[in-house]
Amino acid sequence: MDETTHKLTTALRQAVRGRISRREFTQLALASGVSLAAANSMFSKAWADEPKKGGTLKIGVGHGATTDSMDPGTYPDQFTGTALWGTLANSLTEIDADGNVVGDIAESFESSDGAKKWVFKVRKGVTFHDGKPVTADDVVASLQHHRGADSKSAAKSLLKEIVVLKADGPDTVVFELTGGNADFPYTVSDYHMPIMPKKPDGTVDWESGNRTGAYKLVKFEPGVKATFTKNENYYKPGKGWFDAVEFYSIKDSAARTNALLSGEIHYMDRCDLKTLDQLQANTDFTVTEITGYGHYIYVMNVTQKPFDDVNVRMAIKYSMDRKDILDKVFFGHGTVGNDNPIAPTVKFAVDPLPKHVYDPDKAKEYLKKAGLDSLAFDLSVSDAAFSGAVDSAILWKEHAKKAGIDINVIKEPDDGYWDNVWLKKPFVASYWSGRPTVDWMMTTAYAADAAWNDTFWKNARFNELLVAARSETDEPKRAAMYAEMQQILHDDGGLVNMQFNPYVEAHVKNMGHGKVAANWQLDGMRIAERWWFT
């Protein structure tokens, strides 16, 4: 950087922070040979990029149900995840915008004994919203909340490998695992594992919403609204710029769009791709498209007939024209899937062969192997699963007819879909935000005992490899294990991965932010902590 540029950059910082006037900066820029138009542009951009305090952020989210709970083990989607975790709480670690795991409540973590033992140091100065300091005992109780014999927590399978979990003094937490796990710090960043205050009886207070996050809970109306006010004692400098934050559950994409256009909300997720061009043409709003790990899928319960026959499952997979659906329903926004839930950008991802492309004749061959001339089944769908789920299913029905497969598409109510349909009906629309590691994704959704194994699939070899790969420190060997796991799931599993989807979201122009994370929607579900009004 030359001396003139350095002086201008320094003056610009001073101007946006109120230390010199805009006029003074402009005079300096003109004296340096910068045009008036360029000086004004520099100042406006710098002012927009500079974080500023104040305002109430209102967000419309395409999820939420009246059965939602404050219990973090039950958080099903981005409404509870973003409001009750990313806004209200913190886990031991978090994933940064570059996809790296970094400390959150924990200021440091280190392993020994081949990554079988992990020691986390609790960050000093972190308090709950009621002012109580966070201790190692709170961390232990918070994670034990998910591990009980009767626990239905989505995080239970992730923590199964822990054999010892204890506090070693007020600020040290020790984990001892059944085997080495180099990815363990990623595991404890999960949004189901916020740190909560320990109660005298050894359990945690999850009911009150007393957490550690940038905002304090004012009111939570399940499936309707969640409101928060600023935590003035938040331990992260330069985070939590708004005075208040409000989340609204608006499951219909058209209603979300109208709420944005009318000024009722400032930000919406899951934009309607059918009308996206109209939103992009409106100069009052910005549309963002982030490629992450998310995928839109249809899942069958492989324990129920006719889906218990692998030949039937294969016939179904070859009966969908995924490219046609991507083009007609999603207007090219996404990447065709191949019945592997591991996104191409994840380390150790592979693309199994053969490709499950649309092939009605091959589908008929598999039906014949199953002893069938034709096949009929119900498919339960709702756009609560993902925007476009209903249209995709209807188009798939037309594709499948050529394979002798009759799909009866049942449009389910949006409200209560995740409680009354998902994990209940034998074949349903579903989606996953994905995970940044193979182990995390497979353990959460495809391990035999996973609470959210929405295909109810159990494969002995797959589960054997899952445990072995976790502790394998030789990367080529580990890669080979993960490749075999992905191949097994592709060949035998009960998911039809239609596509890897981008996160398409929109917001009013006067919002600032840093690099946007891709591990979850809504900037890693931490939009309230990381964004500001310009």
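Only the coordinates and a few stated rules stand behind these numbers; no lab work does. Just so you know, these numbers come straight off a predicted model, no measurement behind them. Every residue, glycine among them, receives a Cβ derived from its backbone with ideal geometry; neighbour counts consider all protein chains shown.
The table that follows gives values for the structure above.
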read-out	value
Radius of gyration and maximum dimension Dmax of the range 251-354, Cα, Å	17.9, 53
Dipole of the chain, positive direction: furthest Cα of ASN420, GLY54, ALA259, with charges on the beta-carbon	GLY54
Calculated SAXS-style log₁₀ I(q)/I(0) at q = 0.11, 0.13, 0.15, 0.25 Å⁻¹ - the range 117-221, Debye, Cα scatterers	-0.34, -0.48, -0.64, -1.61
Degrees, to the nearest 10: 36-49 long Cα axis against longest axis of the chain	60 degrees
Per-residue HN-Hα couplings for the range 122-131 [Karplus 6.51, -1.76, 1.60; θ = phi - 60°; Hz; x = Gly/Pro]	6, 5, 6, x, 8, 10, 6, 5, 8, x
Given charges at beta-carbon only (K, R positive; D, E negative), |dipole| of the range 360-424 in Debye	480 debye
Debye equation applied to the C-alpha atoms of the chain, log10 I(q)/I(0) at 0.06, 0.07, 0.09 Å⁻¹	-0.32, -0.43, -0.70
³J(HN,Hα), Karplus 6.51/-1.76/1.60, whole Hz, each residue of the range 104-120, x for Gly, Pro	10, 4, 7, 8, 7, 7, 8, 10, 8, 6, x, 6, 7, 10, 10, 10, 10
Two-site label geometry, ASP378 and VAL174: point separation in nm, points 7 Å out along Cα→Cβ	5.4 nm
Net charge of Cβ neighbours under 9 Å - reference LYS230; Lys, Arg +1; Asp, Glu -1	0
Fewest-first sequence of HIS333, HIS295 by Cβ atoms within 10 Å of each Cβ	HIS333, HIS295
Difference of contour (0.36 nm per residue) and Cα-Cα distance, GLN304 to THR275	6.6 nm
Extended-chain gain in nm, criterion 0.36 nm per residue less alpha-carbon gap, VAL164 and LYS509	119.3 nm
Diffusion coefficient, µm² s⁻¹, Stokes-Einstein with Kirkwood Rh over alpha-carbon pairs of the range 79-133 at 25 °C and 0.890 mPa s	190 µm²/s
Size of charge dipole - the chain - debye, nearest 20, with Cβ of Lys, Arg +1 and Asp, Glu -1, no other charges	900 debye
nm² value of the averaged projected area, convex hull over the Cα atoms of the range 292-502	10.6 nm²
Per-residue HN-Hα couplings for the range 176-183 [Karplus 6.51, -1.76, 1.60; θ = phi - 60°; Hz; x = Gly/Pro]	10, 10, 5, x, x, 8, 5, 8
Dipole axis of the chain (+1 Lys, Arg; -1 Asp, Glu on Cβ), positive-most option in VAL204, ILE290, ILE162	ILE290
Cross-link table LYS369/LYS411; LYS58/LYS219; LYS347/LYS509, entries beyond 24 Å C-alpha to C-alpha	LYS369/LYS411; LYS347/LYS509
THR203, THR437 arranged by Cβ crowding within 10 Å, fewest neighbours leading	THR203, THR437
Acute angle (nearest 10 degrees) that the helix 460-470 long axis makes with the longest principal axis of the chain, alpha-carbon atoms	30 degrees
Prolate/oblate/rounded label for the range 323-417 (Cα gyration tensor, a/c 1.5)	oblate
Shape category assigned to the range 414-522 from the gyration tensor of Cα positions, a/c cut at 1.5	oblate
Rh by Kirkwood over Cα pairs, then Stokes-Einstein D for the range 391-446 at 1.002 mPa s and 20 °C, µm²/s	157 µm²/s
Reachable lysines from LYS368, criterion Cα separation under 18 angstrom, eight or more residues apart if same chain	LYS305, LYS317, LYS401, LYS402
At R0 = 30 Å, FRET efficiency that the Cβ-Cβ distance of THR10 and THR534 yields, to 0.05	0.90
Sequence-distant residues sharing a close amide H with LEU379 (under 5 Å, placed H)	ASN408, VAL409, ILE410
Coil-residue chymotrypsin sites (Phe, Trp or Tyr not before Pro) of the range 365-429, DSSP, other Cβ within 10 Å capped at 15	none
Neighbour-count order for ARG147, ARG256, ARG461, fewest beta carbons within 10 angstrom listed first	ARG461, ARG147, ARG256
